[in-house]
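**Q** Take this structure first; my questions come after.
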Amino acid sequence: MFMQSPIQQMLGCQILGLLKSRFFFSLLFIFSITVVQADSLSASPEEIELGRRIYLEGVLASGEPLKAVRQNTVQLEGASAACEACHRRSGMGSLEGNIPVPPISGRFLYAPIEDRVLALVDTRQAKDLTRAHVPYDEKSLAKAIRDGMHVSGREMSILMPHYALTDKEIKAVSAYLSQLSVSLSPGVGDDSVHFSTIITPDVDPKKSAVMIDMLRHAFEQRNSSQQTYSGRMRMPLDLIPRKLRNWDLSVWELKGAPDTWGVQLAEFNKKDPVFAVVSGISASTWNPIDQFCQQEKLPCLLPNVISPPENPSYYSLYFSRGVVLEAEVLAGYLTDKEKKAPHRVVQIYRDNEVGMNASRAFTKALAGSEVIVENHVLLGTKQDDLKVAMKGVSSKDSVMLWLNSSDLAVFNKFMAKQVPQNVFVSGYLTSENYSFNSKALNPHLRVVYPYELGDKRKKNVTAMKEWLKSWRLPLVDEPFQTEVFFDALFLTDLTSQMLDNLYRDYLIERAEDMLSLGSNVSAYPHLSLSRGQRFASKGAYIARIGDDGKLVADSAYIVP
Amino acid sequence: MNTFKQNFCMSSKSWLLIVVTILGLAFSNWSWAESAQFERSEDNYKIPDVNVVRQDGYKSAFVKELDDGRPVLLNFVFVSCSAICPMLSHVFSKVQEKLTKEGQKFHLMTISIDPENDTPASLTEYAKKFAAGENWSFYTGTREASLTLQKAFKAYRGDKMNHASLILMRSIPGKSWVRLEGFVSPDEVVREFNALGANK
């Protein structure tokens with residue numbers, strides 16, 4: 001087979017020459033339309049389902065795993081042989097290293113050259129667009145799948161495996177591809193794209209107002225400059241033609257108990273379907289929203305939450321694992337072999353989801369170590385309540401206080417006389433407000449801090465500060481606002497790279513691949529995702545408050 | 001080297017190449033695809049002083065792992081990379097099988113380029129998937145350590161998504177490294193390894 005390939009390549013060359021004639025083109029055009037129509041007409045739901053299982057799961061009609069070979073030696077099987085592993089869920093392909101995996105959804109495989117849609121193959125090189133090819137039909141698709149032969153007669157990269165699929169299975173894959181990513185996702189109109197952001201009822205209205213204000217200004221800026229396609233014209237990417245679509249933002253404000261949020265969200269989305277949820281904010285749970293996003297297959301991008309679900313759904317991306325990450329970082333710090341571990345740590349938390357998740361994670365992370373963890377729940381808001389929670393804690397102890405700054409203010413008054421040896425607090429829960437600190441407490445106080453420190457942080461957040469100034473927006477909570485700013489910027493980048501291929505699955509795939517490639521304008525040290533990864537920032541520092549009131553790292557960056 | 005770039009209309013030079021390849025095929029069992037898809041070079045690298053963590057949690061200086069007496073084959077992957085990395089790891093898996101059968105001394109070293117995600121536990125699981133034995137180790141560590149190593153071996157491409165398909169090998173400390181970039185078959189790797197003359 002390999003011996004033939006140069007000759008086949010030469011034949012391909014002649015066919016290409018033929019293609020240059022218009023006559024042949026139009027013949028082909030008519031032919032291909034017939035093929036596409038015949039394909040979609042004859043496909044039964046069973047056939048599509050069979051194709052879906054081969055494509056997504058790597059399972060054959062018989063229930064046997066899909067098998068493939070590469071280089072005649074390496075066997076692939078099951079999920080690692082599934083087309084999805086490379087061509088992705090949306091069928092829009094991917095790029096790893098310098099090897100592009102082309103889009104193979106029906107619009108790309110079967111469309112006549114005149115009607116072909118464009119996709120960006122390499123977002124780092126805007127000129128690298130999907131190439132025109134003669135439309136595939138079932139026969140040439142079979143050759144591609146079985147022999148790695150491109151429709152042009154070229155032998156394809158050995159990255160594309162060879163599959164011994166039957167005619168029936170090829171037909172099923174073809175049927176699946178024909179209906180994959182054909183119509184634009186809900187929320188995408190001819191000249192508009194709808195987005196929403198979500199606010200849970202527990203959030204301080206002042207804080208949510210800051211978020212909404214920032215997002216609205218970012219959208220306005222993007223819309224008023226989108227004539228240059230992406231809103232800017234700094235890169236060749238901005239010159240690729242695409243439809244102009246105005247963005248608008250709905251604010252989905254939830255009311256009542258979390259178990260009613262799902263219904264409210266469904267109503268919002270029915271009335272005004274959105275392409276994606278951008279940012280969002282909660283001070284308590286986010287689980288019902290995560291579930292809703294999965295149910296609607298709706299991308300929910302990077303909300304400001306401190307206790308995200310432990311196992312997020314496919315469609316939700318988060319900045320970090322929140323307080324659970326902090327718990328594991330602190331456990332790692334306390335059990336570091338180079339330091340003397342404390343005999344016991346008392347953790348004090350509130351009886352809510354954030355407190356429960358944090359304390360549970362901390363206990364779990366220290367299970368099996370020599371450190372004993374004692375749990376004390378804080379009920380009520382008075383000094384006496386604290387007295388109860390602090391019972392038995394001496395100046396020799398270490399304490400982890402999963403409390404916010406107003407709880408901590410009460411704590412400090414109470415603690416003035418006998419401060420425990422080590423007092424740890426959560427960076428997420430205190431959110432940059434250390435007004436509870438005092439001279440007596442400060443030498444003992446350590447913050448588990450998920451953001452960057454020092455000059456690097458200053459540098460990363462400069463862009464946002466300047467942007468806020470230019471719109472006369474207030475700076476009230478730097479890490480929080482950088483999250484919102486990052487979201488807006490990331491969304492414009494993502495969507496401009498998608499050109500007109502506005503599919504929700506593709507948005508998630510792009511986000512997974514591209515998050516670490518954009519500039520980090522957030523307060524986090526670095527952000528990165530990949531296939532299946534749902535938390536972008538993966539570590540934290542242990543920091544203390546310096547003489548100038550600023551945080552200084554007291555540990556290396558710890559990734560549990 | 002531009003075999004992935006679409007270049008189907010051939011020049012006379014390519015024709016010569018085809019003739020040579022066909023001749024070559026007549027005399028060996030090389031396949032056409034195999035012989036054209038990678039680039040070989042030799043280089044010397046300054047090994048940086050960084051610490052790494054092996055998949056079993058063992059912490060050590062990278063040079064100590066590198067210079068443990070066994071000839072080394074090295075690559076870079078990350079666990080959640082689904083197109084290229086499984087292929088690189090399959091190649092290492094086959095190389096392990098072949099060299100073990102030949103009774104050779106060797107050390108396969110796989111370095112994670114997504115170390116914050118690829119914990120020792122997830123590398124252990126990954127190693128199992130590719131049937132890694134005692135002569136194949138996986139390394140993670142801090143992000144800085146991984147970046148430093150990638151840069152030292154000229155494997156750094158700015159981001160994990162840009163990562164290179166690369167195999168490096170060296171017989172003993174002080175000898176130069178053989179660098180294979182592109183798609184290399186297990187047989188090719190073994191051939192190159194034997195040419196190092198490490199186990200003679």
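Rundown of residues vs (1) loosely packed, with under 14 Cβ neighbours inside 10 Å; (2) at pLDDT 50 or above; (3) over 30 Å from B:ARG157 (Cα atoms); (4) not aromatic (Phe, Trp, Tyr), yes/no style:
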{"position": "A:MET10", "(1), (2), (3), (4)": "no, no, yes, yes"}
{"position": "A:CYS13", "(1), (2), (3), (4)": "no, no, yes, yes"}
{"position": "A:PHE23", "(1), (2), (3), (4)": "yes, no, yes, no"}
{"position": "A:LEU27", "(1), (2), (3), (4)": "yes, no, yes, yes"}
{"position": "A:SER32", "(1), (2), (3), (4)": "no, no, yes, yes"}
{"position": "A:PRO45", "(1), (2), (3), (4)": "yes, yes, yes, yes"}
{"position": "A:VAL59", "(1), (2), (3), (4)": "no, yes, yes, yes"}
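**Q** Give segment A:520-552 a look and list any residue that's touching a helix residue (DSSP H, G or I) at 6+ places or on another chain (Cβ under 7 Å) and more than 14 Å from chain B (Cβ to nearest Cβ), or say none.
**A** Of everything in segment A:520-552, those that are touching a helix residue (DSSP H, G or I) at 6+ places or on another chain (Cβ under 7 Å) and more than 14 Å from chain B (Cβ to nearest Cβ) turn out to be A:VAL521, A:SER522, A:ALA523, A:ILE542, A:ILE545.
**Q** Quick check on my filter: what residues within segment A:78-99 are open to solvent by 60 Å² or more (accessible area, probe 1.4 Å), within 11 Å of chain B (Cβ to nearest Cβ) and either farther than 19 Å from B:SER93 by Cβ or over 26 Å from the mean Cα position of the chain (by Cα) (or both)?
**A** A:ASN98
**Q** Can you name the number of the only condition in (1) farther than 16 Å from A:ASN422 by Cβ; (2) over 25 Å from the mean Cα position of the chain (by Cα) that A:ARG321 fails?
**A** Single failed check for A:ARG321: (2).
**Q** For segment A:132-158: of the residues being within 17 Å of A:GLY106 (Cβ to Cβ) and part of a loop (DSSP other than H, G, I, E, B), which is farthest from the other protein chains (Cβ to nearest Cβ)?
**A** That would be A:ASP137.
**Q** A further question on this structure: Going residue by residue through segment A:100-115, is there one that turns out to be among the basic types (Lys, Arg) and either away from chain B (no Cβ under 11 Å) or in contact with a His (Cβ under 7 Å, 6 or more places away or on another chain) (or both)?
**A** Checked against the condition, which is being among the basic types (Lys, Arg) and either away from chain B (no Cβ under 11 Å) or in contact with a His (Cβ under 7 Å, 6 or more places away or on another chain) (or both), segment A:100-115 yields at least one hit.
**Q** Out of A:LEU366, A:LEU401, A:LEU325, A:LEU334, report the one residue that is at pLDDT 90 or above, surrounded by fewer than 23 Cβ atoms within 10 Å (Cβ to Cβ) and within 30 Å of A:GLU452 (Cβ to Cβ).
**A** Sole residue among the options that is at pLDDT 90 or above, surrounded by fewer than 23 Cβ atoms within 10 Å (Cβ to Cβ) and within 30 Å of A:GLU452 (Cβ to Cβ): A:LEU366.
**Q** For segment B:75-102, enumerate the residues that are in a helix (DSSP H, G or I) and within 8 Å of chain A (Cβ to nearest Cβ).
**A** B:ILE84, B:CYS85, B:PRO86, B:MET87, B:HIS90, B:VAL91, B:LYS94 - these are the residues of segment B:75-102 that are in a helix (DSSP H, G or I) and within 8 Å of chain A (Cβ to nearest Cβ).
**Q** Continuing with the same structure: Contact list please: Cβ distance under 6 Å, first residue in segment B:123-151 and more than 12 Å from B:ILE111 (Cα to Cα), second residue open to solvent by less than 10 Å² (accessible area, probe 1.4 Å) and assigned to a helix (DSSP H, G or I), pairs at least six apart or on different chains.
**A** Filtered contacts from segment B:123-151: B:PHE130/B:SER89.
**Q** Checking A:PHE292 against (1) touching a Leu at 6+ places or on another chain (Cβ under 8 Å); (2) open to solvent by less than 20 Å² (accessible area, probe 1.4 Å); (3) free of Cβ contacts under 8 Å to residues at least 60 places away in the same chain; (4) under 27 Å from A:SER405 (Cα atoms), which single condition isn't satisfied?
**A** Unmet condition: (4).
**Q** Scan segment B:35-63 residue by residue and report those that are in contact with a Lys or Arg (Cβ under 9 Å, 6 or more places away or on another chain) and not in a loop (DSSP other than H, G, I, E, B).
**A** B:GLU39, B:ARG40, B:SER41, B:GLU42, B:ASP43, B:ASN51, B:VAL52, B:VAL53, B:SER60
**Q** Follow-up. For segment A:509-560, which positions are in contact with a Lys or Arg (Cβ under 7 Å, 6 or more places away or on another chain), surrounded by fewer than 19 Cβ atoms within 10 Å (Cβ to Cβ) and of a type in the set (Asp, Glu)?
**A** Correct list: A:ASP554 only.
The values are calculated or read from the model by the stated rules, or taken from the named source; none is laboratory data. Keep in mind that this is a model prediction, so the values were computed, not measured. Here the Cβ is made from the backbone with ideal geometry for all residues, glycine too, and neighbour counts use every protein chain on show. The area values use the complete protein model at the heavy-atom level, side chains included, leaving out ligands, DNA and RNA. Shrake-Rupley method; radii C 1.70, N 1.55, O 1.52, S 1.80 Å.
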